[in-house]
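Nothing in this text is a laboratory measurement; each read-out follows from the coordinates by a stated rule. This is a predicted model, so every value here is computed, not measured. Because the Cβ atoms are built from the backbone with ideal geometry, glycine has one as well, and the counts that use them run over all protein chains shown.
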Amino acid sequence: MWGRIFTEQFAFSASDSVIVIGLGRFGGAVAQSLMHLGHDVMGVDKKEDLVQLWGDRLTHAVQADSTNENVMLQLGVADFSHAIVAIGSDLAASLMTLMVLTELGIKDIWVKALTPEHGQIATRIGAHHVVYPEADMGERVAHLITGRMMDFIEFEDGFAIAKIHAPAETHHLTLAESHVRTRFGVTIVGVKRANEDFQHARPETRILPADLLIVSGPTKKIELFAAENRAKGKKA
């Protein structure tokens, strides 16, 4: 999921090189996703077993101390377009690595944060983006469990994309006729109909009762739109 978000939402071009520091569960998953999306990826970890595990899956995998600026300079880290600090529970190593990347002038640095305090410090040091994968996944699962959404991804600026069942108020109406954007502050960007290909939404797109909608907008407004959808369904 995160590999897709980095590429689609934050404009990683196909030719961009990425260094992922920390090849644990999160870092390894991101590195592998980025590889599948066509990026050159160097993975760095101080643990030999993790480097061996990922050695054949990434463009390069190196055992190194990411907190040592000279070591990172020798690895050519300064030439990378993007850096992702995915170090797990070692707060000091995460922040020291971030400082090294800042000193090397990396233009786009992401940091996996364990706590809000970790994220705040990382931002002050020089992180351009902070992600909270555990918290984000927890919120996503909560939305799925409540039944309001079939899928849900939230980005760091309070913007989200969700997949929901078409609310009753949109049935048999075109998007222009239902005025969803005006009434709810969300945008229907796509429609998936059974046994048909996904279609991008247009003002003349007509919504049928069994349609699945891809909706984008502020997280809170999507939540309200999805909640209203569920409430209408219960009344029916």
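Numerical summary
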item	result
Cα→Cβ-extended label distance, 7 Å offset, between His172 and Leu212, nm	2.5 nm
Amide H partners (placed H, <5 Å) of Ser17, local residues excluded	Ser81, His82
Residues of the stretch 70-92 with amide N under 20 Å of the 7 Å Cα→Cβ point at Lys47	84-92
Simple label model, 7 Å out from Cα along Cβ direction - Arg181 to His200, nm	1.4 nm
Subset of Lys163/Lys221; Lys46/Lys107; Lys46/Lys112; Lys47/Lys107; Lys163/Lys220 violating a 21 Å alpha-carbon distance limit	Lys46/Lys107; Lys47/Lys107
Projected label distance in nm at His36 and Lys107, using a 7 Å step from Cα toward the beta-carbon	2.8 nm
